[in-house]
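Novice: Mind having a look at this structure? Questions to follow.
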C-alpha cells in the first residue's frame, strides 16, 4: 500500500500558492471545482469547493479552498516531509515567515512547520 495523495484546506488560493509553490517549490497541476452536492455529501460543506493540486517528486497534495478552513487547535494531525539540507530549508522558512516549531528529543531536534493556514508538517532531513 502507498499513500496516493493527502487532502488539506486553506483559506485562499493566494496563501496556498505562497506556501506550496513559492516556499515548497511544488508545481500546481490544476485548479478544479468539487460541486456542492459532492462537497456536502463528503465534507458537510454544502457549497462548491475549489481544489488545487500540487506535486513535487512523489508528494501529491489536494488543497481545498474554503474561507473558514482552519485545522483544529491542539491537533496532532500532520504530514511528514523529508527534505535535503534542513538548515537551508529552515533559513528559507524564516525568510518567508513560515512558522517553525522545534523541540529537543534526546540528542536530536524534532522540527515542525505550519503553512499559512495552520496545516502542520513534520520536517525530517534526508539521511545521507
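Every read-out reported here was derived from the displayed coordinates using simple, explicitly stated rules and does not represent laboratory data. Note that the coordinates shown come from a computational prediction; the quantities given were computed from them, not determined experimentally. Here the Cβ positions follow ideal geometry from the backbone for every residue, glycine too, while neighbour counts run over all protein chains shown.
Novice: Using R₀ = 22 Å, calculate the FRET efficiency as 1/(1 + (r/R₀)^6) where r is the Cβ-Cβ separation of residue 59 and residue 109; round to 0.05.
Specialist: Efficiency for this residue pair is about 0.50.
Novice: Follow-up. Looking only at 107, 58, 115, which one moves most when the chain is put into a Gaussian network model with springs between Cα atoms under 10 Å?
Specialist: It is 107.
Novice: Which angle between 0 and 90 degrees, to the nearest 10, do you get for helix 86-95 versus the longest principal axis of the chain when only C-alpha atoms count?
Specialist: 60
Novice: Quick check: pseudo-label points 7 Å beyond the Cα along Cα→Cβ at residue 68 and residue 94, how many nm apart are they?
Specialist: Calculated label separation equals 3.8 nm.
Novice: With runs of 4+ DSSP H residues as the only contributors, calculate the mean residue ellipticity of the chain at 222 nm using -39,500 (n - 2.57) per run, divided by the residue total and rounded to the nearest 500.
Specialist: It lands at -4500 deg cm²/dmol.
Novice: Is the shape of the chain rounded, prolate or oblate, going by the alpha carbon gyration tensor and its root eigenvalues a ≥ b ≥ c, with a/c under 1.5 for rounded and a/b larger than b/c for prolate?
Specialist: prolate
Novice: Same structure, new question: Could you calculate the FRET efficiency of residue 79 with residue 48 from 1/(1 + (r/R0)^6), where r is the beta carbon distance between them and R0 is 22 Å, rounded to 0.05?
Specialist: The pair residue 79/residue 48 has a calculated efficiency of 0.30.
Novice: Hey, with R₀ at 25 Å, roughly what FRET efficiency would residue 86 and residue 4 work out to, going by the Cβ-Cβ distance, to 0.05?
Specialist: Once the sixth-power term is evaluated, E becomes 0.40.
Novice: Full extension from residue 33 to residue 102: what is 0.36 nm times the residue separation minus their Cα-Cα distance, to one decimal in nm?
Specialist: 21.2 nm
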